[in-house]
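Here is the structure we will look at.
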Number of protein chains: 2
Amino acid sequence: MTIQHPAAYVHPEGARLSLHVPGSRIQPATLYAAGSEIYGQGEKAGTLYQVEFGAVRVYRLLADGRRQISAFHLAGEVFGFESDGRHHFFAEAICATGLQAIRQGPGSDLSQRLLPLVLKSFVRAQEHLLVLGRQNAAERIAAFLLDMAERQGGLETFELPMSRTDIADYLGLTIETVSRAISSFRAKGIIRLRTQRTVELLKPEALRGMSE
Amino acid sequence: MTIQHPAAYVHPEGARLSLHVPGSRIQPATLYAAGSEIYGQGEKAGTLYQVEFGAVRVYRLLADGRRQISAFHLAGEVFGFESDGRHHFFAEAICATGLQAIRQGPGSDLSQRLLPLVLKSFVRAQEHLLVLGRQNAAERIAAFLLDMAERQGGLETFELPMSRTDIADYLGLTIETVSRAISSFRAKGIIRLRTQRTVELLKPEALRGMSE
DNA sequence: CGTTGACTTGAAGGTATTCAAGCTTTGTGG
DNA sequence: CCACAAAGCTTGAATACCTTCAAGTCAACG
């Protein structure tokens, strides 16, 4: 309902960094600037990506510009799965993001390792269906904040790499409704905002009580 | 929002039929009566199912009874994927349904064949996110009817195996809203109902125009 | 310090829900 | 085979929640 497909920012397409993230293969990561496109709807698929750092949004558009973000991907997570050789979605870097490409050599035993990753993404999507289909605005925001906290190590203070507009398009709400729900949590002493995108969970139980 | 988890009907658990569906392995199918449970949340997973005939709903419940159906499965389709050995969802037969069990022998090359199936389910779930997050009631019903028609061979007349309540819980609406949208399509001459569950598409283009 | 984009807050309006009643279909027992 | 009951579906009216429209505040950056 909100945003036009943003024209890709200028970004160092193909720029390569040598990164040594612990536990990762020692390979160069590709850097994507904030807002740059990783792949687009209709493009040929076949490459998977693992997030080294930063954050990615995967989304789809309706003809009139309404946007649904189906998933955010944070450090460590793998995305880029498609079913018939073509991408059905767009993927963009939300902020400066390093990606490790995983080539799908045909006939490799990669599918053995891929299956659990795809299954995890699938279960996550299904659980998000419950949020979009059956939860109200406050419940959606509560579930979202808890999910973000958990995926960033479970600490009580964490960062939101994405804008309110992104959150709205992920949760099927408007930016105003997102803002109001967050303000309401703040007024009730459930959360505190160190900055607009730094959240501190003061009463996580209160959020858990809402999201189920 | 609607339904309590229905107590499983009496059903011939383990009853076996010899079916010879063309193209399928010649193995006995298990018959499930309307409303009977195939698996439940928390149960040990590991078995996949292919629908021989009938229809299945896969869903999740909130503590207060709100239900979200994440997918329907019709003849030919495979379901039962789970990510960590436990089912996160419930699966029930909607009507009398025959299922072919696919055992996941560990270490088999089954994952090679499974991957495309999981990917297809994943893409389907992601596309449903767009419907739940960004489409209004009429658009949801339009998309649903087109999807049902297509999955039953693309004919202009097809059956809805599920109740209005199931449709509502799949589309994130109430039963009344589903009924009103269908009535509205009927009043506009877009569809005709031979019976309450037999739909005839008079102007499929009109529906296509709504769902994107 | 001024401008731009992101975010917040307020008020009015709209779409879907809730509550309620009536209708249709299906199944069951007499 | 009919009558009745139960379930499923439809329709109407009032309400609620979220959206839309509008204005104002805050933060980042040149």
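Take the alpha-carbon centre of the range A:54-131, take the same for the range B:138-194, and report the distance between them in whole Å.
Centre-to-centre (Cα) distance: 30 Å.
Hey, can you rank A:69-77, A:152-160 by average C-beta count inside 10 Å, highest first? Working shown, then result.
Values: A:69-77: 20.3, A:152-160: 13.6.
Taking the mean over residues of other Cβ atoms within 10 Å, the ranking is A:69-77, A:152-160.
If the reach is capped at under 15 angstrom between alpha carbons, list the aspartates and glutamates near residue A:203, excluding any in the same chain fewer than eight residues apart.
Filter leaves A:139, A:147, A:150, A:156.
Taking the Cβ of residue A:161 as the centre, find all other residues whose Cβ is under 10 Å away and add up their charges (Lys, Arg: +1; Asp, Glu: -1).
That sum, taken over residues with Cβ under 10 Å, equals 0.
Give, to the nearest whole percent, the P(r) tail of the range A:71-143 beyond 16 angstrom, counting all Cα pairs. Mind dumping the intermediate values first?
Numbers: 1665 of 2628 pairs.
Summing the P(r) of the range A:71-143 above 16 Å gives 63 percent of all pairs.
With 28 Å as the limit, write out which pairs from A:120/B:44; A:44/A:120; B:120/B:188; A:44/B:120 have Cα-Cα distances beyond it, or answer none.
B:120/B:188
Work out how far the C-alpha atoms of the range B:162-205 reach from end to end along every principal axis, then list the three figures in whole Å, largest first.
For the range B:162-205, the Cα extents along the three principal axes come out at 26, 16, 16 Å.
What are the semi-axes of the equivalent ellipsoid of the range A:26-125, taken as the square roots of 5 times the eigenvalues of the Cα gyration tensor, listed largest first and rounded to whole Å?
Values: eigenvalues 85, 59, 33 Å².
The equivalent ellipsoid of the range A:26-125 has semi-axes of 21, 17, 13 Å.
How many Cβ atoms of partner chains, on average, are near each residue of A:116-122 if near means within 10 Å of its Cβ?
On the way: counts 3, 1, 8, 9, 2, 6, 12.
Average neighbour count from other chains, rounded to a whole number: 6.
Pull up all non-local amide H partners of residue B:76: gap of 5 or more, or a different chain, and H-to-H distance under 5 Å with H placed in the peptide plane.
B:51, B:52
Taking K and R as +1 and D and E as -1, what net charge do the other residues with C-beta under 14 Å from the C-beta of residue A:42 add up to? Intermediate values should be presented prior to the final figure.
Details: positive: A:44, A:60, A:86; negative: A:37, A:43, A:82, A:84.
Around residue A:42, the surrounding residues sum to -1.
If each label sits 7 angstrom from Cα along the C-beta direction, how far apart, in nm, is residue A:110 from its counterparts in the other copies?
Nearest to farthest, the other copies are at 2.4 nm.
Taking other Cβ within 10 Å of each residue's Cβ, how do A:147, B:166 sort, fewest first? Don't jump to the answer; show the numbers that get you there.
Values: A:147 16, B:166 23.
Lowest to highest Cβ neighbour count: A:147, B:166.
Could you list which residues have their amide H under 5 Å from that of residue B:45, counting only those 5 or more apart in sequence or on another chain, with H placed in the peptide plane?
Here B:86, B:87 satisfy the definition.
Tell me, Kirkwood radius of the range A:112-193 from alpha-carbon pair distances, in Å?
Values: mean 1/r = 0.0722 Å⁻¹.
That comes to 13.8 Å for the range A:112-193.
Rounded to the nearest 0.05, what FRET efficiency is calculated for residue B:187 and residue A:193 with R0 set to 51 Å and r the Cβ-Cβ distance?
After rounding, the FRET efficiency stands at 0.55.
For the range A:203-212, in order, what is each residue's ³J(HN,Hα) by Karplus, 6.51 cos²θ - 1.76 cosθ + 1.60 with θ = phi - 60°, in whole Hz (x at glycine and Pro)?
Taking θ as phi minus 60°, the curve returns 10, x, 4, 4, 5, 4, x, 7, 7, 4 Hz for the range A:203-212.
Can you work out the Karplus-derived ³J(HN,Hα) for every residue in the range A:185-201? Use 6.51 cos²θ - 1.76 cosθ + 1.60 with θ = phi - 60°, whole Hz, and x for glycine or proline.
Ordered by residue, 3J(HN,Hα) equals 4, 5, 4, 8, x, 7, 9, 9, 10, 5, 10, 5, 10, 10, 9, 10, 8 Hz.
A short reminder: the numbers here are calculations on the coordinates, not readings from a lab. All values reported here derive from a predicted model rather than from experimental measurement. No Cβ is skipped: glycine too gets one built from the backbone with ideal geometry, and neighbour counts run over all protein chains shown.
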